[in-house]
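Below is one structure, written out as structure tokens; comments come after it.
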Amino acid sequence: MKSSSPSRSKRIRISEPFTAGAAALLALGFAAAAAAAPVVYRIEPEFTYAEFAVSHIGLSRQRGHFGRTNGTIVLDPEQHSGSIDFVVDATSIDTGWNVRDEFLRGEAMFDAAHYPVIRFRSEGRTARVRQRTRQRARRLRRGGSQHRSGARTSE
């Protein structure tokens, strides 16, 4: 993210792909924002990726990440509000096993050939409770969009 401090690599751990990653970025932004006026941060793709973990039939946890992300975060610390526009390149999924990656990119899952972009846009106000940021959001995906609301923190 672009701010007055030097850029550092941030790792985002999420349990639900896409929505939680963006909510975590919003939480990071509130911690870093010191200005009274709304501030726009650019998510720097070279320092940001979305990491995920999913349960595999309840026996193990499979982990992976999307290596190409982009977007902006707008924060208004005085009003305790903000917004996120977070974009993930669906073709950049990497679980460490090419067979699984190709399946996830395929028609049965992300259909990345037809839908190469996964977008998360927040809407509404945020609320802070015990150092967590809650953000109502709309995850735009093939076949429509889905409202999500959740509290997430980053590592």
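Before moving on, here are some points about what is shown:
- When the range 70-91 is filtered for residues that are free of Cβ contacts under 8 Å to residues at least 40 places away in the same chain and within 15 Å of the chain's Cα centre (by Cα), the ones remaining, listed by number, are N70, T72, V74, D85, V87, D89, A90.
- Any chance T72 is out of contact with any Leu (no Cβ under 8 Å at 6 or more places or on another chain) and part of a strand (DSSP E or B): yes
Read the figures in this text as sums done on the coordinates, not as results from a lab. Since we're looking at a predicted model, the values are computed, not measured. With ideal geometry, Cβ positions are generated from the backbone for all residues, glycine too; neighbour counts draw on all protein chains shown.
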